[in-house]
């Protein structure tokens, strides 16, 4: 609620506020909901002044309608699709991560969510030369691993350093610091965070359930409210700055024993696309994973693709029979 | 009592108020009951879990409204209030292009370029983003002027009106009246708008409250899979349709549509179902549909 105070708009002074308070009107929404004619009769303010103030307040605080045609033109020019670097994931995501949307990776521990986030971050900073903001809530960010991934892409030290510089890491360990970090990013503009000419195009939060799941449950409302506030901030950042947001989440089992994303029904409406990562049973190498598309507005659901965490840019053909000899790349 | 005291309106506003808006009764006979389509002043609530096709159905209905009459549309202007940044304009335009292309194959398409036709349709749509329930209330007050001055505006879509449910509940503290105050004021304002101007309102609500048979007051506890096994499985359609928004909103709803996931068809396509109940007709109108590239395809079941 927005409290009526002196100076929030021209025409509101001390006596104006006092006169309204005598009618028990303390907030902007109470004021706007009242009929100005009745109000002018009840308190000592002039009808003209009330109507003028009402108009100014409405102009200040409402959201304005945008014509569909203008919105479409704007979206056409600003929406981008960022490739993840892995052809199997790109196929599932309909050619990549779309800006202006939230994509969610879910999976049990060890299913590779953080590794996928690293690989996508490295791809965006090295191939696409854009800045990535990485919010780490679990302490799992490891710069050495990023360097390893970059070293397999290019032997040039300078390029590696440049790409590493484009990944900005924020460490937050509770929901209030997460909200403060997101609000700070949103209000100061992301341009300040961009590095070396590459504008910010991706925000990753690994993982959002680590800070939220401890607040949920029981009958308190605070946890759900904080969850929805985090969701609102992420969405606003994605839409207003035209970046893609990638979050990771844990899994639980539903009543039928199937895996579903954590954080409950209210969070499930938030991401636009959801991938479920799972280990491949009886695989020759332990780095194979499958990704299942469980929510998408662009593709048929329940598509499954297999991919290898170690060989990120290779197209993986699922073999039905026979063995495949995979070279173990020696890690430098 | 306060309705008698009206602000002075000019001639155009008077005519637009008295003339009435274009009727939307035939907007989609597949999903609305026979003779029970949304008339002037009706409020339709679209309720369902995530991924059950509510947004796709909204796009389908909006496109029906904004398309020109020669393509089978109603040429009605639409205001779309987007509360959770969910609106996908690119998807809407791809469905619109598909529809315009298929309808123009029969008719004469020499008048204008396809792009120009898409633009003229999109000019009938306005989109507003709200980021709190207070902003929704103030925006509705602001839009009152738009409704009175534009008689071609027949449909208001709010997606979704339950987005700020938890935030409001927390901000309201202990008292339920405080928690529901914003939504109650919005519902009262919507009631006034629909009665004065005869617009139709479509609103989506997320299904987040589980309908426990023995304990109706308990909201769903996320992450606790052990407790969910005690209750019925989620296959029954009444499991998630507990109405949880304030009474003022429930009083103005005239049609309620429940969306659920049905089965997966033989060609691996998910089939969705809607069940529409309204206060004017008896019984439930059910319908099945699939989501394809060009929008919604209804599956004839009878």
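Pull up segment B:168-210, narrow it to residues that are within 16 Å of residue B:45 (Cβ to Cβ) and assigned to a loop (DSSP other than H, G, I, E, B), then point me to the one that is modelled with the lowest pLDDT.
B:209
Keeping to segment B:247-278, report how many residues are in a loop (DSSP other than H, G, I, E, B) and modelled with pLDDT of 85 or more.
2
Name the helices (runs of 4 or more DSSP H) wholly inside segment A:27-140 in which the number of residues that are more than 21 Å from the chain's Cα centre (by Cα) and free of Cβ contacts under 8 Å to residues at least 24 places away in the same chain is 3 or more.
Qualifying helices (runs of 4 or more DSSP H): A:36-42, A:47-61, A:68-78.
Working only within segment A:215-224, note down all residues that are surrounded by fewer than 21 Cβ atoms within 10 Å (Cβ to Cβ) and facing chain B (nearest Cβ under 7 Å).
A:217, A:221, A:222
Given (1) within 20 Å of the chain's Cα centre (by Cα); (2) facing chain A (nearest Cβ under 9 Å); (3) surrounded by fewer than 20 Cβ atoms within 10 Å (Cβ to Cβ), identify the lone condition not met by residue B:192.
(2)
Of all residues being crowded, with 22+ Cβ neighbours inside 10 Å and within 11 Å of chain A (Cβ to nearest Cβ) in segment B:41-54, which is farthest from residue B:156 (Cα to Cα)? Just the residue, please.
Of the residues in segment B:41-54, the ones crowded, with 22+ Cβ neighbours inside 10 Å are B:42-48, B:52-54.
Pick out the ones that are also within 11 Å of chain A (Cβ to nearest Cβ) and you get B:48, B:52-54.
Details: B:48: 20, B:52: 21, B:53: 19, B:54: 16 Å.
By that ranking, first place goes to B:52.
Given (1) outside any loop (DSSP other than H, G, I, E, B); (2) at pLDDT 85 or above; (3) within 14 Å of chain B (Cβ to nearest Cβ), where does residue A:290 come up short, assuming only one miss?
(3)
Can you tell me which condition residue A:276 does not meet? The list is (1) within 14 Å of another protein chain (Cβ to nearest Cβ); (2) in contact with a strand residue (DSSP E or B) (Cβ under 8 Å, 6 or more places away or on another chain); (3) not in a strand (DSSP E or B), and all the others hold.
(3) is the only condition that residue A:276 fails.
Here is a yes/no grid of residues against (1) at pLDDT 90 or above; (2) more than 24 Å from residue A:267 (Cα to Cα):
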residue	(1), (2)
B:32	no, yes
B:60	yes, yes
B:72	no, yes
B:86	no, no
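Anything in segment A:239-250 that is surrounded by fewer than 22 Cβ atoms within 10 Å (Cβ to Cβ) and either more than 10 Å from chain B (Cβ to nearest Cβ) or part of a helix (DSSP H, G or I) (or both)? List them, or say none.
The initial filter retains those residues of segment A:239-250 that are surrounded by fewer than 22 Cβ atoms within 10 Å (Cβ to Cβ), namely A:239-242, A:250.
Residues satisfying the conditions are A:239, A:240, A:241, A:242.
Can you pull out every residue in segment B:121-144 that is within 27 Å of residue B:37 (Cα to Cα), surrounded by fewer than 22 Cβ atoms within 10 Å (Cβ to Cβ) and more than 8 Å from every other protein chain (Cβ to nearest Cβ)?
B:144, the sole residue that qualifies.
Any residue at all in segment A:64-77 that's crowded, with 19+ Cβ neighbours inside 10 Å, in contact with a helix residue (DSSP H, G or I) (Cβ under 8 Å, 6 or more places away or on another chain) and more than 11 Å from chain B (Cβ to nearest Cβ)?
no
The values are calculated or read from the model by the stated rules, or taken from the named source; none is laboratory data. Predicted model, so just to flag it, every value in this text is computed and none were measured. Here Cβ is always computed from backbone atoms with ideal geometry, including for glycine, and neighbour counts include all displayed protein chains.
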